[in-house]
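The values are calculated or read from the model by the stated rules, or taken from the named source; none is laboratory data. Please read all numbers here as calculations on a predicted model, not as lab measurements. Counting neighbours? That spans all protein chains shown, and the Cβs are built from the backbone with ideal geometry, glycine included. Just the protein is used for accessible areas: all its heavy atoms, side chains included, with ligands, DNA and RNA removed. Shrake-Rupley method; radii C 1.70, N 1.55, O 1.52, S 1.80 Å.
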Amino acid sequence: MNRQISKRRRWWAAVGAIASVLVIGVGVGIGPALAARPAFGDVSVFAGAPAPGHPFGIAVDNDRVYVSTSAGDFFAGHQNSDDERVFTYNDAGKLVGSTTIDTADNSDMGLFGLALDGNTGKDHKLYVADMNGRILRLGLGSHAGAPEVFSQVPADTGLAGDWMLSMWNDLVFDTAGNLYVPDDKPRIWRVSPDGAASIWFTDPRLTGLFGFAGGPLGGRIDPTGQWLYFSITVALDHPLAALIYRVRLVDHPTASDLELVHEFAFDPTAPAPPQATGLAFAKSGNLYVALLGPNEIAVLDPAGNEIDRISDPRFHSPWGLAFTGKSLLVTNGDLEPGDNPDAWKIFKVYVGETGLPLNRPTTTGD
């Protein structure tokens with residue numbers, strides 16, 4: 001009997017020793033991983049942007065990230081004298097390509113919104129908003145041709161050829177292949193799959209503080225697919241506030257289809273108004289909003305309540321937003337007088353949730 005107890009004790013001692021080794025080994029293995037687990041709001045540099053700098057729009061496409069530039073900016077006091085670019089990065093942040101977009105000499109505004117279609121192979125395309133009133137289309141296949149003009153402000157509207165009359169900002173596809181284009185004059189355009197542009201919605205509440213600027217800028221369709229959300233950078237009827245509106249996605253929206261989602265009120269003690277720009281929806285329905293004034297990213301819940309803020313001293317005019325995994329890519333627009341190349345960065349911000357997939361309809365090449 002004593003021998004059996006002794007054998008059992010030795011067996012349990014051996015099991016205990018093995019277990020201790022396993023625990024220590026596993027602990028050593030997972031300890032650093034646990035310690036390195038990112039926290040909400042952790043910010044790292046994804047990539048830098050070469051000249052002409054001022055990264056604005058951003059779109060994520062499998063293992064590629066596309067970034068548009070806006071070196072020309074009336075409000076920051078600099079003009080683009082060397083055209084704009086669309087940079088291509090791999091998913092590790094390495095620059096792997098650059099496309100030059102021919103813009104008018106000394107143009108006051110550059111590029112912003114980017115939207116990808118759902119085509120594959122040589123037919124896959126990127127749509128690029130030129131804020132001077134055009135949409136360009138770039139082939140993404142291995143033998144892509146030169147950028148082509150897909151759409152522009154119709155001449156018969158009397159609004160063409162001058163960004164102070166019509167400024168095409170962000171781009172967002174619906175499921176039918178229409179592009180919605182916020183214009184801060186203030187109106188929202190709809191561009192049909194064949195490139196024909198028309199004014200889809202306008203309302204006095206969309207007017208920016210400056211009349212010719214400050215109105216609709218960033219835009220995204222919500223998880224229900226029934227609403228277009230857009231930002232008002234500096235509102236007129238809510239002086240110096242930034243606003244998030246939504247308008248019902250119907251063929252002919254009226255004033256009753258417009259709803260205020262959130263107001264970022266102006267704080268007179270702050271150095272600048274909040275100035276909302278780019279938007280990005282998470283699958284959860286949370287809406288991420290770039291704010292130029294405080295250089296922060298605000299988070300709104302599906303009811304429109306602000307639930308968090310993300311800040312980093314390296315943010316300089318955060319502008320474009322796009323999800324990759326459980327992180328948000330943020331472009332540093334650098335809307336400051338002159339140039340600050342050290343600020344020409346794209347940041348990766350951990351937010352712990354995935355993005356809402358964007359509509360990517362199949363389009364034609366005509």
Check: What are the residue pairs meeting all of these: first residue in the range 297-316, first residue charged (D, E, K, R), second residue assigned to a strand (DSSP E or B), Cβ atoms under 6 Å, and 6 or more apart or on different chains?
Finding: Asp301/Ile307; Glu306/Ala298; Glu306/Leu300; Asp308/Val299; Arg309/Glu296; Arg309/Ala298; Asp312/Val43
Checklist line | Residue among Val149, Val128 that alone is of a type outside the set (Ser, Thr, Tyr), in a strand (DSSP E or B) and farther than 18 Å from Ala59 by Cα | finding: Val149
Check: Of all residues in the range 259-297 being outside any loop (DSSP other than H, G, I, E, B) and more than 13 Å from the chain's Cα centre (by Cα), which is farthest from Phe201 (Cα to Cα)?
Finding: Glu296
Margin query: I want to confirm something. Restricting to the range 51-96 and keeping residues that are among the small types (Gly, Ala, Ser) and at pLDDT 95 or above, which single residue is farthest from the chain's Cα centre (by Cα)?
Written below: Ala92
Notebook entry, point to check: Can you tell which of Gly355, Gly333, Gly365 is modelled with pLDDT under 95, surrounded by 18 or more Cβ atoms within 10 Å (Cβ to Cβ) and on the phi < 0 side of the Ramachandran plot?
Noted result: Gly333
Check: Can you pull out the residues in the range 336-349 that are open to solvent by 50 Å² or more (accessible area, probe 1.4 Å), touching a residue at least 12 places away in the same chain (Cβ under 8 Å) and out of contact with any Gly (no Cβ under 7 Å at 6 or more places or on another chain)?
Finding: Glu336, Asn340, Lys348
Note to self: I want to confirm something. Restricting to the range 200-225 and keeping residues that are on the phi > 0 side of the Ramachandran plot and at pLDDT below 95, which single residue is surrounded by the fewest Cβ atoms within 10 Å (Cβ to Cβ)?
What the structure shows: Gly211
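Yes or no, residue by residue, for (1) basic (Lys, Arg); (2) touching a strand residue (DSSP E or B) at 6+ places or on another chain (Cβ under 6 Å); (3) surrounded by fewer than 23 Cβ atoms within 10 Å (Cβ to Cβ):
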site	(1), (2), (3)
Phe230	no, yes, no
Asp237	no, no, yes
Glu263	no, yes, yes
Phe266	no, no, yes
Pro273	no, no, no
Ala276	no, yes, no
Ile297	no, yes, no
Next item on the list: Assess whether Ala196 counts as being open to solvent by less than 20 Å² (accessible area, probe 1.4 Å) and either hydrophobic (A, V, I, L, M, F, W, C) or at positive phi (or both).
Entry: no
Notebook entry, point to check: Can you find a residue in the range 356-365 that is among the small types (Gly, Ala, Ser) and either assigned to a loop (DSSP other than H, G, I, E, B) or in contact with a His (Cβ under 7 Å, 6 or more places away or on another chain) (or both)?
Noted result: yes
Item checked: Failed condition for Arg309, given (1) surrounded by fewer than 14 Cβ atoms within 10 Å (Cβ to Cβ); (2) at pLDDT below 95; (3) at negative phi -> (2)
